[in-house]
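See below for the structure under consideration.
The values are calculated or read from the model by the stated rules, or taken from the named source; none is laboratory data. Everything numeric here is computed off the predicted structure, so don't read it as measured data. Here the Cβ is made from the backbone with ideal geometry for all residues, glycine too, and neighbour counts use every protein chain on show.
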Amino acid sequence: MGRSTSKATVKIARGLRREMSLPEVMLWQRLRARPGGVKFRRQHPLGRFVADFYAPDARMIVEVDGMAHDLGDRPERDLARDEWLRGQGFVVVRVAAAEVLRDVDAVVDGLVRLISASR
């Protein structure tokens, strides 16, 4: 937890861990096994945001985007969030929930390859 992460954000993260979507649960089942030796955390608080998944050694954030991310002001909010996170030195990767549902193993393989290529 970073110094700028509030207790409220930590509480939100804890709640989100209990209410993960099906694609998030499927992805977590694979990521918790440390594929390629990469450690991931789920629903991890970073500043005022909560990352769906976070690989601390790679400083990579993985966001699973469902249809709600295409509605209303959500695209602009996601863009502002990603810009802030990148400004803090994080790599942000967005994965479509439909892609996770279609082939979770391919998504995990792609994430591990991306992390391995950046080392």
Determine whether Arg48 is at pLDDT 90 or above and either surrounded by 13 or more Cβ atoms within 10 Å (Cβ to Cβ) or in contact with a helix residue (DSSP H, G or I) (Cβ under 6 Å, 6 or more places away or on another chain) (or both).
-> no
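Can you tell me which residue among Val62, Val38, Val91 is surrounded by fewer than 17 Cβ atoms within 10 Å (Cβ to Cβ) and among the hydrophobic types (A, V, I, L, M, F, W, C)? Step through it out loud before you land on a result.
On the way: Val62 fails: surrounded by fewer than 17 Cβ atoms within 10 Å (Cβ to Cβ); Val38 fails: surrounded by fewer than 17 Cβ atoms within 10 Å (Cβ to Cβ).
Of Val62, Val38, Val91, the one residue that is surrounded by fewer than 17 Cβ atoms within 10 Å (Cβ to Cβ) and among the hydrophobic types (A, V, I, L, M, F, W, C) is Val91.
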So Tyr54 clears everything in (1) at pLDDT below 90; (2) within 11 Å of the chain's Cα centre (by Cα) except one condition, right? Which one?
-> (1)
Which condition number in (1) over 15 Å from Leu114 (Cα atoms); (2) in contact with a strand residue (DSSP E or B) (Cβ under 6 Å, 6 or more places away or on another chain); (3) modelled with pLDDT of 95 or more is the one that Leu16 fails?
-> (3)
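Table: residues versus (1) modelled with pLDDT under 95; (2) under 14 Å from Val50 (Cα atoms); (3) touching a strand residue (DSSP E or B) at 6+ places or on another chain (Cβ under 7 Å).
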{"position": "Ile61", "(1), (2), (3)": "no, yes, yes"}
{"position": "Met67", "(1), (2), (3)": "yes, no, no"}
{"position": "Leu71", "(1), (2), (3)": "yes, no, no"}
{"position": "Pro75", "(1), (2), (3)": "yes, no, no"}
{"position": "Val92", "(1), (2), (3)": "no, yes, yes"}
{"position": "Leu101", "(1), (2), (3)": "no, no, no"}
